Amino acid sequence: MSAVGRRLLRAGSLVAALVLWQLLTTLDVNLWLRFEQFPTVGEVAAAFADRVGTEAYWQDLGHSLRRIVVGFLLASVLGVAVGTLIARSRWAADLLGPVLEVARPIPAIALVPVAILLLPSNEQGIVFITFTAAFFPVLVSTRHAVRALSPVWEEAVLTMGGGRARVLFSVVLPGALPGVLGGLSVGVGVSWICVISAEMISGEYGVGYRTWQDYTVVDYPGVFVGMATIGALGWLTSTAVELLGRRVTSWLPRPAARPVSRRRRRGPGRSNFRRSDSGSASPATASVTVPAPVPAAADKEPVS
């Protein structure tokens, strides 16, 4: 399928979901799921148009984005640093590993009381929760990516006279970069989940705070406006992380698309060889690949 066809398919799936939503709410379907109290797509669109024109909407948007950016950047830097340290140092793994493994299963939103007790303001507490949510996915992905690196690369750098700093910045971090980017993509999504929850509990501004306020006053179209805003922001930030990852890993080899072969399939009894003019059998050039020269036996020995 072409790129244009894939884009049309994706857009069509969204349109189909909206049409189904409109039908279920307009017809007040009440089978196992109850849609009679759901707002219609038109009501949500009208509420969204009203909100976009207000200053409060953009103010809430700015607060949520600032909390995400600060918390996610801190989690990215510290997660990569601590994950690399644990993967490269047995002392760090023994000292920090048990503490982090005990703290990792705790949901970030459960740390709201801890943030309230430790930090002087709600703003810092929300940033702390956002940081905690993204820190552990980045940490775990970095640790696994660094440990999965082949030791041959490091030995090659050390053999050529490189030091530990050269190994770190020329081998470890570039080699672990694809795995780290996977953790960053997961971390930014989890950050949005936790920052919205924290804003609902202890926030004063933000998309999550405004969505909860709409729910308390039974403004259901406003609730869905907040949900749509959260989904759009999460999608935009995740896409930005993925595009950045493709840019910084442009030096990696990309799998080439396989061309569709139009050659007629050969039957089971036919040979891949053809007769030349001299009467000797010669392989068909379209179906034979010349093998690469085999290296000498001495080249196969690993560098000690």
For a distance above 16 Å, tell me the whole-number percent of Cα pairs in region 211-253 that qualify.
54 percent
Cβ-defined net charge surrounding Leu168, 11 Å radius [Lys, Arg +1; Asp, Glu -1]:
+2
Set the Förster radius R0 to 30 Å, insert the Cβ-Cβ distance between Tyr215 and Val99 as r into 1/(1 + (r/R0)^6), and round the FRET efficiency to 0.05.
0.20
Normalised radius of gyration for region 121-164, please: alpha carbon Rg relative to 2.2 N^0.38 Å, two decimal places.
1.93
Once both labels are modelled 7 Å past Cα along the beta-carbon direction, what's the Ala81-Gln59 spacing in nm?
3.6 nm
Charge context of Arg51, other residues only, Cβ under 11 angstrom, K/R +1, D/E -1
-4
Given charges of +1 on the Cβ of Lys and Arg and -1 on the Cβ of Asp and Glu, with all other atoms neutral, how large is the dipole of region 1-122 about its Cα centre, in debye to the nearest 20?
600 debye
Applying 1/(1 + (r/R0)^6) with R0 = 22 Å to the Cβ-Cβ distance of Ser170 and His144, what FRET efficiency is obtained, to the nearest 0.05?
0.60
Under a Cβ-Cβ cut-off of 14 Å, what is the net charge of the residues other than Phe135 that fall near it, where Lys and Arg count +1 and Asp and Glu count -1?
+1
Hey, could you pull the Cα Rg and Dmax for region 1-157, both in Å?
23.4, 69
Could you give the spread of the C-alpha atoms of region 112-258 along their three principal axes, from largest to smallest, in whole angstroms?
68, 48, 18
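Each reported figure results from applying straightforward, stated rules to the coordinates on display, with no laboratory input. Predicted model only: the values in this text are computed from it and were never measured. In this analysis, Cβ positions are derived from the backbone assuming ideal geometry, glycine residues included, and neighbour counts consider all displayed protein chains.
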